[in-house]
Structures are given as C-alpha cells and as structure tokens.
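Okay, so here's the structure we're looking at.
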Amino acid sequence: MVEPVLKLENINKKVSDFFALKDISLDLYKGEVHVLIGENGSGKTSLMNVIVGAYTKDSGRILIDGKPVNISSPTDAKKLGITMIHHDSLLFEHFTVAENIYIDNKPYLNKSLKLINWGKMHSDCQQLFNRLGFSLNSKDIVKNLSLAQKQLVEIARAYISKARIIIMDEPTSSLADSESLLLFSIIKELKKAGVSILYISHRLEEIKQIGDRITVIRDGEIIGTQDIRNMNVNNIIHMMTGMELKERYPKLSVKLGKEVLRVENLNSGDTLKSISFSLRRREILGVTGLVGSGRTKIAKCIFGLDKIDSGEIFLENSKIDIKSPSDAIRAGIGYVTEDRKTEGLFMYLNIPENITAANTSKISNHFLIDKGEKVNIAGAYVDRLRIKIGTIRDKAAYLSSGNQQKVVLARWIMSRAKIFILDEPTRGIDIPSKVDVYNIMNEMVAKGASIILISSDVDEIIGMCDRIMILYDGRIAAVIPRSEATQEKILFYATGGKA
C-alpha cells in the first residue's frame, strides 16, 4: 500500500476560548491535490497553521513518509519541505518583488560573504515570470502592488521553493479567471513533478478542475472525505453547513430607475483612460477585467482615495467634486474595499466600533456615544450576516478572513448610502455566506440603492449584475447586458478582443 506523504492523526488544538480543532485525521499522497473546504471559521486555516508550525498542536501526531515529526515552527516545516501560500499576503512590503520571491533562494556572488548577485536575481525573476505568464516587474516594490499581484508573487515564491508539500489557502480569491487558469497550469506541472498540494477554496467550479479528493471541515471537525469525481454541490454544501442551497445567485428582478451616477472621461495616472459610464437607481453594474485593468482604481477615484487627473462625476445630474472619502460619504457613496486588513478594518478595535464607524450619528446624542445602542446595532448585523464570533467584544483581528469581510460589509450597509461600491465583497467568503451577501445586495436594491460590483469571479458577475462593464488596459472594452453575457464573451473582451 502506498504511504501518504503527509498524515495527520487525531490532531487537537485549542485556538481560543471559543474554538478548537478536534481529532483531525487527514492524509495527503504524492502528486495529489487534496481540497479542504468549509465555512468561514470552520478551522481550515487553523489546521494549516498547525501543519506549517505557526500553531503547536496540543495532541495527536504528524507523519511525513510514515515517520512521526515535530513541527514547532515554520522553520521546521521548511526543513521538511512544507511551504504555504497564505490567503492574506505575508510578503515584505518594502522589498522588491524579486527580493520577496528569492528570500530563501538568493543567488550569491560570494556565499561566505553574503554578497548577493542582484543582476542575476532580477534576470532570473523576469525569466520566471515569462515562463509562468505573469505580467509583473521584478523591481517593483511590493507595497505598490494590488492584492492580485501580491498573490501572484506568493505563487511564484512557492513555485521555486522546491517544496514537497505546498499549502494553498484561497490562492485564487483575488485573481481573475485568466490568472486562475495560469495557476491551474502551474498546479498540473507541480503534480507531474510529484509535489503534493493541500488546497483551500470556496469556489466549487475550480475544485472540479484541479482536485483529486475533497474533505469537508465544520466547527473544527472533519465531516467527511470523498473523491472529487463523486462530488455533488448540494451534498458538499449540506456537509459544510447542515443546510440545503436552493439557488447560488438569487438575483432580484426589479425595475431600474433614473440615472443616479454618471462618470465622464475620467483619467487617472497611467491606469485609467477616458472612463465613461452611468449607473441607474436599483441597478447592479458589474465591473470586471484582468489584474491591472483598473477595476479597483475606478472605485478609489470615485470614493476620493485616488486623484483624478481629469474628468467629471455627476450625482443625480449635479456635478460633484470628490477629493476625499469624507466628500464621498457625504454624497451618499459607500465603499467596501477589497483590502480589508489595510484599508477596510480597524484591526484592534472591537466589532461594534468597526461596524458603526461610518455612521456614528446613529449611536450618538449631542456628542455622547450610546454604547449600549452601539452594541445592539452591531449585534443585529452580526446575526443578519451570520458573522461567526466569540463575543460581540472581539477585536476584528481575531476573526477569520471571511468574517472580517462581513464586518466591513456591515459597516457600509449601516451607513445607508445611496450608492455602494463593492470591491470583491465575497472574496474569501464561503458559499452559503456568499448567498447571504447576495441577499443583502438584493435588500439594498429593493430599498432603492444602486451598486457597482467589482469582481474577478465571472460567474458572480453574470449571476448578480444587470449590466457588465469589462475593462482592458485601463479602458472600457465593452458594456454588455446580463442577457448577452457569457464567460467566453467576457474573457474575449478582458483579454483585448474587439467587437
């Protein structure tokens, strides 16, 4: 019988007073992609942190090639040939792309003197990008990259690590479909080379493309494992949540109203060129495109985060001048950022403080904050969005990634904005919770709000939007109605195709 490369036996780990991993047993074979799926807060990332030594297990055994090993630090894991692509970037923000990728594999002019061959490092890095099909520059500083570009850097670093076991935690959450396809080709290459992959994802469509087996985890316990060929979507969701999923994209059919927002000839830096579009009342306008196409730049310009070099913005036919987020909020515009950790959350403030941050007037009376009302309002949104918490006083930093995203969403829902810009609002959120978010979007629209939905998930864009605006190289390549939208058509325009 073939010995698993990695075997977990009855792993237990108390993560907090409210959550623990319980008797986790799992195995991974040579050249296998073993998918781990579960709701946010179910324990997926915590389990991976045990494998890479970020957490020390309380009990149980980890075996590599049938031999028990002790992994008490990430260094131990690296020595055993285990590396991880993290869901949220752990790159060195002030280093170059090449420095991050070759951080553990630096080319030296003189190894004893630690003299680095910088020319070779950048040359090798660009050759690597050419091979992988990544549009990145080795000399760019990481802090200036988008989330998607940072994810590509993480992937490239894992690719050259020569690891035997690679853990991929939501690696496509920030990527457009075309970049995801590049990753899938890399995974196939790694499998052929005998590399084993533990793959965390909420995207059932991609799991079918690359997975061999799938394991469902719920509330810190393994529910079951099955061959990917036998995977039934409704069965998997039932295993994850104990519930049935009736409809993946519950788009609400509503009559669109008058124009509420118009952008004319917007230009910003070298990224956006002559962007013009409109948004109607109760409309969900989808915005998609490849990494670097300008999706997020549009959101930041409208919300006053990035400078507009030229162009005009009209709100209900009146020209407005937005120079800061405060101007945008006063105009009735809310923005759910894709980068929740850096831009979206006050990580070390508690849940009520985060949720009520954009509408303190609702919880104050003549400059005095009603703390009880703040907690009550936050509690209502926690229930409504099914945010998994220990207590309402938890700090945002201690929530899982998907639950952090829900807190950001709750803040802007509470703001009662007229126009919501949602940038990757379901990134890193499990499937049932995505449906919760879509239903919240439906509620917004039913109450008269309008939404700009920016997403790299083409199925989501087609499923939830009335019209779809496709960007290519900072320009609008096409705007198509939902009735005419297909994955093939969107990818055609997103890659430079012309009608």
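Where a number appears in this text, it was derived from the coordinates with a stated rule and is not lab data. Please read these numbers as outputs of a predicted model, since none were measured by experiment. FYI the Cβ positions are ideal-geometry reconstructions off the backbone, even for glycines, and counts take in every protein chain you see.
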- Breaking point among (1) crowded, with 20+ Cβ neighbours inside 10 Å; (2) farther than 11 Å from Asn40 by Cβ, for Gly390: (1)
- Query: Does at least one position in segment 210-217 carry a residue that is farther than 28 Å from Ile389 by Cβ and either in contact with a Phe, Trp or Tyr (Cβ under 6 Å, 6 or more places away or on another chain) or of a type in the set (Ser, Thr, Tyr) (or both)?
  - Reply: yes
- strands (runs of 3 or more DSSP E) (entirely within segment 1-70) containing at least 3 residues that are in contact with a Lys or Arg (Cβ under 9 Å, 6 or more places away or on another chain): 6-16, 19-28, 33-37, 59-64
- Query: Considering only residues of segment 167-219 that are of a type in the set (S, T, N, Q) and in contact with a His (Cβ under 7 Å, 6 or more places away or on another chain), which is nearest to Ser46 (Cα to Cα)?
  - Reply: Thr215
- Task: Could you pull out the residue among Asn70, Asn10 that is free of Cβ contacts under 8 Å to residues at least 40 places away in the same chain, farther than 30 Å from Glu205 by Cα, over 28 Å from the mean Cα position of the chain (by Cα) and loosely packed, with under 15 Cβ neighbours inside 10 Å?
- Result: Asn70
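Answer yes or no: is there a residue in segment 140-147 that is farther than 21 Å from Met84 by Cα and in contact (Cβ under 8 Å) with a residue 24 or more places away in the chain.
Scanning segment 140-147, I find at least one residue that is farther than 21 Å from Met84 by Cα and in contact (Cβ under 8 Å) with a residue 24 or more places away in the chain, so the answer is yes.
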- Checking Gly194 against (1) within 17 Å of the chain's Cα centre (by Cα); (2) assigned to a loop (DSSP other than H, G, I, E, B); (3) not hydroxyl-bearing (Ser, Thr, Tyr), the condition it does not meet: (1)
- Item | Count of segment 101-134 residues which are within 30 Å of Leu63 (Cα to Cα) and of a type in the set (S, T, N, Q) | 1
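Does at least one position in segment 216-236 carry a residue that is among the polar types (S, T, N, Q) and surrounded by 19 or more Cβ atoms within 10 Å (Cβ to Cβ)?
There is no residue in segment 216-236 that is among the polar types (S, T, N, Q) and surrounded by 19 or more Cβ atoms within 10 Å (Cβ to Cβ).
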